[in-house]
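> Sharing a structure below in structure tokens format, with a few things to ask.
Throughout, read-outs are computed from the coordinates displayed, never taken from laboratory work. A quick note: this is a predicted structure, and the numbers were derived from the prediction, not measured. Please note: Cβ atoms are built from the backbone with ideal geometry, for glycine as well, and neighbour counts cover all protein chains shown.
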Amino acid sequence: MKIINPYEHSITIDEELCVGCVICTLACPAKAIRVKDEKAKLIKSGLCIDCGECLRVCPQNAVKAMTSRESEMQGFTVLAALPSPVLYSQFGEMYSPNDILLALKKIGFDYVYDVAVSVEEVFIALNEYLNRKKNVRPLISNFCPAVARLIIKNYPDLIEHIVQIEVPRELSARAIRKKIAEEQNLEFDDIGVFHITPCAAKMISITNPVGSERSNLDGAIAIRDIYLSLINALKEDGDDEILQRSSGVGISWAKGSASKLGLPNRRTLSINGIKDVVKVLDDVESGKLRDIDYIECSICPGGCVGGPLVIQNKHIAARRVETLIEQYGSKSRLNTEQILKRFEMDFLLTKNLWEAQAPDPLDTDLSRALEMMNKIEEILEILPGKQCGACGAPTCHSLAEDIVKGEAKLNDCVFIRNKELENALKRNN
Ligand code: SF4
Ligand code: SF4
């Protein structure tokens with residue numbers, strides 16, 4: 001069985017901590033995990049979509065997020081932090097978004113950029129983009145890296161539905177890097193730009209982006225990794241510089257519903273959680289949702305506030321986002337004309353680099369592949385069909401496929417093994 005290099009993906013599994021309970025195997029929507037010798041392993045690099053579900057469900061804390069470590073921030077002359085709007089929802093009512101942006105400066109970032117502003121910029125451009133792309137409906141958001149991977153792997157026909165405007169974190173990174181380079185007369189490589197993220201998928205969208213050549217970011221730091229430092233910094237006195245420019249429109253992005261405020265005159269849907277995302281993509285694929293203009297999809301339940309690397313309960317975080325929307329208003333204060341001018345000049349568009357990623361075939365030789373498919377059906381007749389996961393594969397079909405590929409044995413199935421033992425005992429008696 002090919003075990004992939006863990007650094008190809010946003011998660012890795014600590015074998016010391018893993019007890020082989022198969023909870024992650026059963027939860028993985030991509031069937032990318034197997035348990036072998038009581039240890040979970042990520043297999044087949046083409047399968048994992050970086051959804052973080054395994055990270056969320058592992059009771060042993062054995063699944064680790066591959067986000068940036070402190071050492072990766074060293075060596076830059078200047079550091080910039082780009083917090084996801086989710087960060088604003090992680091603290092009590094006593095701390096405003098501006099207090100939180102200032103706290104990021106207090107813990108060592110030289111520059112901080114309010115990514116919620118770029119969210120508003122994207123939605124102004126998106127309204128115009130919807131006019132340009134009248135013949136494709138519905139358009140689908142591109143900002144959740146796990147949804148993007150799900151589409152290129154499982155829904156290649158929907159690639160043309162994906163919006164090709166840069167995602168907010170990338171626009172923010174481009175803007176802050178340019179500003180710092182000009183202000184400090186620095187080369188781009190001297191500037192370290194880090195996203196403060198609620199999920200590990202953002203890291204893989206930086207190291208291995210889908211839909212663009214390279215990221216403008218240098219890494220991603222988990223919200224939960226800097227939470228304590230931020231709490232301490234929030235308690236300190238500091239200056240009263242204004243860093244927050246966003247309204248409630250940009251902040252509402254944290255709970256996956258920015259389209260409601262950002263595209264008020266369009267027919268939009270906000271979908272979150274892997275099961276609902278899959279259902280909706282199935283519907284789009286079968287042509288059912290052509291009356292919808294835009295679908296905002298997040299793989300995490302509740303939107304990005306439900307990311308696996310946050311601290312706050314997603315319901316409380318969503319409530320905090322609602323309060324912030326009331327406080328900062330449901331209309332963007334950005335200059336629409338200026339943004340549309342940049343959009344007209346294609347400054348906000350991604351390069352068209354979306355490519356379908358077909359799953360690995362059973363065999364490159366067609367007749368051999370057909371033979372293997374028949375063999376899988378034969379093995380499925382023998383397996384009990386209980387889908388229990390006790391063999392270490394998520395379904396009986398996955399075990400049958402692994403057996404045909406020579407990566408598992410029939411008696412990995414505990415029911416078959418028990419039968420074999422019973423028969424052996426009978427023979428010996
Ligand atoms: S959930 Fe997966 S990684 Fe965590 S202990 Fe169980 S088998 Fe191991
Ligand atoms: S990140 Fe998602 S797709 Fe990848 S192994 Fe974990 S549960 Fe499966």
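> Under a point spin-label approximation (7 Å from Cα along Cα-to-Cβ), what is the E381-T77 distance to one decimal in nm?
7.2
> Oh, and also: Note down the magnitude of the dipole of the range 361-429 about its Cα centre, charges +1 on Lys and Arg C-beta and -1 on Asp and Glu C-beta and zero elsewhere, to the nearest 20 debye.
420
> Roughly speaking, what is the centre-to-centre gap between the range 123-180 and the range 255-334 when only Cα atoms are used, to the nearest Å?
About 14 Å separates the Cα centre of the range 123-180 from the one of the range 255-334.
> Count the net charge of all other residues whose Cβ sits under 11 Å from the Cβ of V321, scoring Lys and Arg as +1 and Asp and Glu as -1.
+2
> Additional query: How big is the dipole moment of the chain about its Cα centre under a simple scheme where the beta carbon of each Lys and Arg is +1, that of each Asp and Glu is -1, and everything else is neutral? Debye, nearest 20, please.
1080
> How many nm separate the modelled label positions at F347 and N131, each set 7 Å beyond the Cα in the direction of the Cβ?
The answer from the label model is 1.9 nm.
> Report, in debye and to the nearest 20, how large the dipole of the range 1-66 comes out about its Cα centre when Lys and Arg carry +1 and Asp and Glu carry -1 on their Cβ.
Result for the range 1-66 is approximately 240 debye, rounded to the nearest 20.
> Provide Rg over Rh for the range 334-427; use the alpha carbon set for both Rg and the Kirkwood Rh (inverse mean inverse pair distance).
When Rh is taken as the Kirkwood radius, the ratio is 1.43.
> Can you sort F76, F91, F194 so the residue with the fewest Cβ neighbours within 10 Å comes first?
Ordered by Cβ neighbours within 10 Å, fewest first: F76, F91, F194.
> Within the range 59-156, which trypsin sites (Lys or Arg not before Pro) sit in a loop by DSSP and count at most 10 neighbouring Cβ atoms inside 10 Å?
K134
> Between the helical axis of 223-235 and the dominant principal axis of the chain, each derived from Cα atoms, what acute angle in degrees is found, rounded to the nearest 10?
30
> Related question: With label points built 7 Å along Cα→Cβ from the Cα atoms of I159 and R319, find their separation and express it in nm.
Result: 4.5 nm between the two label points.
> Angle between the Cα long axis of helix 274-285 and the longest principal axis of the chain, 0 to 90 degrees, nearest 10?
On a 0 to 90 degree scale, this one is about 90.
> Given axes a ≥ b ≥ c from the Cα gyration tensor, I'd like to know whether the range 1-146 is rounded (a/c under 1.5), prolate (a/b larger than b/c) or oblate.
Oblate shape, in that a/c is at least 1.5 and b/c is the bigger or equal ratio.
> Further question on the same structure: What are the ³J(HN,Hα) couplings of the range 293-306, residue after residue, when phi is run through the Karplus curve with 6.51, -1.76, 1.60 and θ = phi - 60°? Round to Hz, x for glycine and proline.
Here the 3J(HN,Hα) series is 7, 8, 10, 9, 10, 10, 6, 7, x, x, x, 5, 4, x Hz.
> If contacts are Cα pairs under 8 angstrom and at least 6 residues apart, what is the relative contact order of the chain in percent?
Relative contact order, the chain: 20 percent.
> Which FRET efficiency value, to the nearest 0.05, is calculated for E183 and L228 with the Förster distance at 30 angstrom and r the Cβ-Cβ distance?
Result of the calculation: an efficiency of 0.45.
> Assuming 0.36 nm per residue, please report the length gained on full extension of the stretch S367 to L243 beyond their Cα-Cα distance.
Full extension from S367 to L243 adds 38.4 nm.
> Another question about this same structure. Express in whole angstrom the spacing between the alpha-carbon centres of the range 227-249 and the range 390-429.
Spelled out, the Cα-based centre of one part sits 57 Å from the other.
> Right, here's the next one. Return one number: the angle in degrees, 0 to 90 and rounded to the nearest 10, between the long axis of the Cα atoms of helix 414-428 and the longest principal axis of the Cα atoms of the chain.
For 414-428 against the chain, the angle is about 20 degrees.
> Among the DSSP beta bridges whose two residues both lie in the chain, what percent are antiparallel, rounded to the nearest 5?
Counting only bridges with both partners in the chain, antiparallel ones make up about 35 percent.
> How would you rank 317-327, 220-230, highest first, on the average number of other Cβ atoms within 10 Å across their residues?
With the highest mean Cβ count within 10 Å placed first, the list reads 220-230, 317-327.
> Tell me what the chain gives for mean residue ellipticity at 222 nm when only DSSP H runs of n ≥ 4 count, each as -39,500 (n - 2.57), the sum divided by the residue total, rounded to 500 deg cm²/dmol.
Value at 222 nm, helices only: -12000 deg cm²/dmol.
> Between I140 and residues 5 or more places away or on another chain, which pairs have amide H atoms under 5 Å apart, with H built 1.01 Å from N, and which residues are they?
Long-range HN contacts for I140: I162, V163, I295.
> A further question follows. For H195, what residues show an amide H to amide H distance below 5 Å, using hydrogens built from the backbone and excluding near sequence neighbours?
L82, D218, G219, A220, I221
> Expressed as a rounded percentage, what relative contact order does the range 1-66 have, with Cα pairs under 8 Å and six or more residues apart?
Relative contact order of the range 1-66: 44 percent.
> Using alpha carbons only, what's the Rg to Rh ratio of the range 160-301 with Rh from Kirkwood?
My calculation of the ratio gives 1.01.
> To continue, here is another question. Neighbour counts of other C-beta atoms within 10 Å: give me R266, R368, R169 arranged from fewest to most.
In increasing order of surrounding Cβ atoms, one gets R368, R266, R169.
> Could you tell me the largest-minus-smallest coordinate of the C-alpha atoms of the chain on each of the three principal axes, in descending order and whole angstroms?
On the principal axes, the chain reaches 85, 51, 41 Å in Cα extent.
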